[in-house]
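Below: the structure, in structure tokens.
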Amino acid sequence: MEQFIELITRINTFDLIGVILWGLAGAISFNFSIGNARVWTSISLGFFLIFIGQAYAINPWAHDYGLSAFHNIVGTVAIVVITHGFLEYYVFCRTFEISGKKIAVYLFSLLILVAGGMFLYINPTPSPNTIRNFKIVENAIWVFLSIMNLELIRKIYIAIKDSPISKAFIAFGIVFFLIFLWKGSELYLQIFQWDRDWQDITAVMNGKVPDIGNFTGRVNISMLVNKYAGLLSSLSVGGTFIYLYRLLK
Amino acid sequence: MFLLPKGIPLFENLAVGMLKLPEVISKLSAGSFTGYASFVFQDSTVILVFEAGKLVSAMSEEQNGNRQTGFEAVSALCYRMVGKSGGSLNVYKLSKDLTTCIHALFQGEILYKAQELKLIDIKSLLKKIGTDRMNGCLRIYTDDRSAMIFYKDGSPLGFFHDGSQDIETSANESQKIAGLPGAKIDLFSTHEAGRLMGLDLLEVVNIQNIWETAVAQKRSEIIKINKAREERQKENIAAKIAELEETVKSIVVNKVGKVGRGIVEKELADQGGNACLLDETKSVKFLAGIERSAKLLISATSLKAMMELLSKTITSARIER
């Protein structure tokens, strides 16, 4: 407990607010998944997993590299499950077919997470550089699937635009736009090695600092976008699920 | 229509619909019957004349005066008996002589037909019969009574009235009928009894075959009519189901949006087409499918209202059917 309190006091307030907001969004979306159809289960479970992925900031054992990498795996699984949900919804809009059971979504997600855990367990403890690689892969998948989800959401909206629920898909569009900015900005920094992790790594390894000083403007903008888009993403997810809940009540 | 005096009744007013002509003829023939059987329908009368069990003559007359005799008359009788539900059979016993006279009458020629008695000079007519030494028959009748006067070589041979079995000598009944309002006469010329063909129609006409053909034709007509009716019913049902399908679609589209039309079409296809709406089990499955899909698009409250309306619409359509 003392360790946790110490960790909380060390955390950046902004990061803490972000985690709390993702916690709320995750709780709302997970609650939503329980009483609704399978496609909503995938989508809402995925958003709940984002919270788990983001919770490393308040995880007292986050200094463990293995556990830190597992948070990245959870984050990756989150976007895959969400995309699966939107894909199913899109298929439903085109064919009106609904298949499968909710339990399969829970079990499949759990299985992937267990497999991810096993992968980390049987391999050497990740180094800071490996953790950074995990983050790059996670962000790349998030950016790619966010774009794909935006397109799916656009097509779903066109198919059901006179239905009562259609406005919720506009909200989801906003969510994925913000997520794209959030994850995209971080990926941008990582690709050009302007991220904090790389700076720390290089400082430890050879004391050299990358060419970040030459691009302070774009680096600062990217960091700002990453910071606020992440926060707004969590807010928009929570708000979207509350709106969706009201529409479907 | 042609009405003979009644003779001695053996059967009267038997419902023709219950009878089979081959059986009737077979019974009369086996009983060596002498007399006539009169089949009275709404628009025609058929008379079969028997002499000692032989079918010596047959005559059919329609309301419009069209006459058929012999094979044609028997054939027409078969088709009428099979085809019409009404009609009655009267069988009257007559003497051989009277039967011969009637047989001769059916083979004779019509000289005057349905002449109003009050419009003709009956004395002149009777005189002409005597002068011409006619062989023939003068029939005096109203709508429900009839009498006949037979002539041989211009001289009255005798009378045939209702209730008589043989040729009578009294003219009272004929005079009574002649005095009735609306009385009419027919005058027939006949051949001499010796020149009449003594043919038994039963030997030349296969009544069983004609009857079976008539029955088969009637059956085929009934099948055709039933088929046409079934097709009409099917078309009516198909139109009603199509109408119900449109109603169901409009209810779903109204709540769910345009996408609802596709949902209904898909669920109907899954249940084997729109006929499932009238099937209790399949319609339940159809509604469950609609509910499952609509759940992804509308609120629980709207869903409940929509499902109630759909269920009510489909149930009432099923009851109406």
Among the residues of region A:29-42, is any away from chain B (no Cβ under 14 Å), among the small types (Gly, Ala, Ser), part of a helix (DSSP H, G or I) and in contact (Cβ under 8 Å) with a residue 12 or more places away in the chain? yes
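Residue-by-condition table, conditions (1) surrounded by fewer than 16 Cβ atoms within 10 Å (Cβ to Cβ); (2) at pLDDT below 90; (3) within 17 Å of residue A:129 (Cβ to Cβ):
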{"position": "A:179", "(1), (2), (3)": "no, no, no"}
{"position": "A:193", "(1), (2), (3)": "yes, yes, yes"}
{"position": "A:213", "(1), (2), (3)": "yes, yes, no"}
{"position": "A:219", "(1), (2), (3)": "no, yes, no"}
I'm trying to understand the selection: among the residues of region B:295-309, which are under 18 Å from residue B:250 (Cβ atoms) and either within 11 Å of chain A (Cβ to nearest Cβ) or touching a Phe, Trp or Tyr at 6+ places or on another chain (Cβ under 6 Å) (or both)? B:297, B:298, B:302, B:303
If only one of B:30, B:52 is small (Gly, Ala, Ser) and over 23 Å from residue B:104 (Cα atoms), which one is it? B:30
List pairs: first residue in region B:85-103 and more than 9 Å from residue B:166 (Cα to Cα) and at pLDDT 85 or above, second residue in a helix (DSSP H, G or I) and among the small types (Gly, Ala, Ser) anywhere in the structure, Cβ distance under 9 angstrom, at least six positions apart or on different chains. B:87/B:17
Does residue B:240 count as basic (Lys, Arg), more than 14 Å from every other protein chain (Cβ to nearest Cβ) and over 41 Å from the mean Cα position of the chain (by Cα)? no
Region B:76-99, residues that are under 29 Å from the mean Cα position of the chain (by Cα) and not in a helix (DSSP H, G or I): B:84, B:85, B:86, B:87, B:88, B:89, B:90, B:91, B:92, B:93, B:94
Which listed residue is within 30 Å of residue A:167 (Cα to Cα), among the aliphatic types (A, V, I, L, M), not assigned by TED's automatic domain parsing to the domain that holds residue B:85 and not in a helix (DSSP H, G or I), from B:303, B:297: B:297
Hey, among B:139, B:145, which residue is of a type in the set (Lys, Arg), in contact (Cβ under 8 Å) with a residue 24 or more places away in the chain and crowded, with 18+ Cβ neighbours inside 10 Å? B:139
Quick test for you: out of A:104, A:115, pick the one residue that is part of a helix (DSSP H, G or I), more than 20 Å from the chain's Cα centre (by Cα) and among the small types (Gly, Ala, Ser). A:104
If we keep only residues of region A:222-249 that are in a helix (DSSP H, G or I) and without any contact (Cβ under 8 Å) to a residue 24 or more places away in the chain, then the residue surrounded by the most Cβ atoms within 10 Å (Cβ to Cβ) is A:228
Give region B:253-294 a look and list any residue that's surrounded by 21 or more Cβ atoms within 10 Å (Cβ to Cβ), more than 24 Å from residue B:234 (Cβ to Cβ) and more than 9 Å from every other protein chain (Cβ to nearest Cβ), or say none. B:290, B:294
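The values are calculated or read from the model by the stated rules, or taken from the named source; none is laboratory data. On a predicted model such as this, the values are computed, not experimentally measured, just so you know. Because the Cβ atoms are built from the backbone with ideal geometry, glycine has one as well, and the counts that use them run over all protein chains shown.
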